[in-house]
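*Asks:* Before I ask anything, here is the structure I am working with.
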Amino acid sequence: MKLSPTLNLFNQLFMAFQIAFWPTLISIWRSPLLLFQPQKLSQTYMAHVWLNFGNGADEGGRPTKERLITPHATGVVLDLGAGYGHTIKYVDRSKVTKYVAVEPNLRMHNILRATAATFGFTEADKTLLILSCGAEDTSVILSALNNTQVDTIISVLTFCSISEPQETIAKLVLDVLKPGGQLTYYEHVLSSLKDVAWWQHFWAPLWAVGFDGCRMDRPTHLYIEEITDRNGKSPWKDRLICGRDDEPEEDLFWHRAGRCTRSVPTFAQLEFLLTS
Ligand SMILES: C[S@@+](CC[C@H](N)C(=O)[O-])C[C@H]1O[C@@H](n2cnc3c(N)ncnc32)[C@H](O)[C@@H]1O
């Protein structure tokens, strides 16, 4: 592997530190208790980092997201780790009835709400719902939706930060996504090149400290591929998996994206489930 991806990683960590250090210090000055709340402190730092990094990261993935999200996101859309709302602009307002944003970082909510309003989703008319739980809290998500499953789940650079990713992604697909619904993702993942993967594992703990728990060494695309239901069967009817055309696989932040459609059980399967 070339040296440049590692240098780029340090550059990004340093830039993030330069951007977020003083604003985070000011937040600690205003609320010293933050020092004893590591998760909140990390979220404060990340809120400042993403305010500056979010646009660049969004721009890099724009062509992929326009291809995967805009023509296909429909009905009730659940955006996991919605951040400042960068993904809202990719959904076609005429096809989406409700935008549900899962965002545990409360410091992002005001901008998220304002961005959603710009694109026609508001809490006042019940087309916007912001949940401050994590993606892991599937029962909270379902109960906020009156136990109705959603048509579309989107994860843009979020599955890298959730806890117990395999279990959580499976629960989201099997419990929260409707049969026939779609999971769309755009994530940086563990490289299939052994040397790159070694460096990703090596730098992952340091990167996670600087970016609120984000792991750069997760094979998220494989976790999604390998989900099985309670009968050991794949829940997917079809899958479209792609990457970015403009990045070499040598990159420490190698992206995979996909749109996976959940199968609809046949009449015979439903009958079997009801009788067993
Ligand atoms: C890299 S940012 C991406 C934000 C947004 N999706 C975008 O494209 O700009 C990751 C987001 O995931 C959120 N996040 C972190 N842990 C999470 C969790 N357990 N469940 C849901 N979201 C989480 C963070 O607060 C942050 O907003």
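*Asks:* Limited to region 54-99, what total is found for residues that are in a strand (DSSP E or B), crowded, with 22+ Cβ neighbours inside 10 Å and more than 12 Å from the ligand (Cβ to nearest atom)?
*Replies:* Looking only at region 54-99, we keep the residues that are in a strand (DSSP E or B), and these are 75-80, 96-99.
Filter once more, keeping what is crowded, with 22+ Cβ neighbours inside 10 Å: 77-80, 99.
Narrowing the set further to residues that are more than 12 Å from the ligand (Cβ to nearest atom) leaves 77, 99.
Residues flagged as in a strand (DSSP E or B), crowded, with 22+ Cβ neighbours inside 10 Å and more than 12 Å from the ligand (Cβ to nearest atom) within region 54-99 amount to 2.
*Asks:* Out of the residues in region 100-136 meeting the condition of being assigned to a loop (DSSP other than H, G, I, E, B) and without any contact (Cβ under 8 Å) to a residue 24 or more places away in the chain, tell me which one is nearest to N55 (Cα to Cα). Working first, answer last.
*Replies:* Here is the first cut: in region 100-136, the ones assigned to a loop (DSSP other than H, G, I, E, B) are 103-105, 119-127, 132-136.
Imposing the further condition that a residue be without any contact (Cβ under 8 Å) to a residue 24 or more places away in the chain reduces the set to 122-125.
Values: T122: 22, E123: 25, A124: 27, D125: 28 Å.
By that ranking, first place goes to T122.
*Asks:* I'm told S161 meets every condition in (1) in contact with a helix residue (DSSP H, G or I) (Cβ under 9 Å, 6 or more places away or on another chain); (2) closer than 24 Å to K40 by Cα; (3) open to solvent by less than 30 Å² (accessible area, probe 1.4 Å); (4) not charged (D, E, K, R) except one. Can you identify the failing condition by its number?
*Replies:* Among (1) in contact with a helix residue (DSSP H, G or I) (Cβ under 9 Å, 6 or more places away or on another chain); (2) closer than 24 Å to K40 by Cα; (3) open to solvent by less than 30 Å² (accessible area, probe 1.4 Å); (4) not charged (D, E, K, R), S161 violates only (3).
*Asks:* List the number of the failed condition for N146; all other conditions in (1) open to solvent by 70 Å² or more (accessible area, probe 1.4 Å); (2) closer than 27 Å to P63 by Cα; (3) assigned to a loop (DSSP other than H, G, I, E, B) hold.
*Replies:* (2)
*Asks:* Could I ask something else about it? All but one of (1) in a strand (DSSP E or B); (2) open to solvent by 60 Å² or more (accessible area, probe 1.4 Å); (3) within 13 Å of the ligand (Cβ to nearest atom) hold for Y185; which doesn't?
*Replies:* Answer for Y185: the failing condition is (2).
*Asks:* Restricting to region 150-177, count the residues that are assigned to a helix (DSSP H, G or I), touching a Leu at 6+ places or on another chain (Cβ under 7 Å) and among the small types (G, A, S).
*Replies:* 0
The values are calculated or read from the model by the stated rules, or taken from the named source; none is laboratory data. This is a predicted model, so every value here is computed, not measured. Cβ atoms come from the backbone with ideal geometry, glycine included; neighbour counts cover every protein chain shown. The area values use the complete protein model at the heavy-atom level, side chains included, leaving out ligands, DNA and RNA. Shrake-Rupley method; radii C 1.70, N 1.55, O 1.52, S 1.80 Å.
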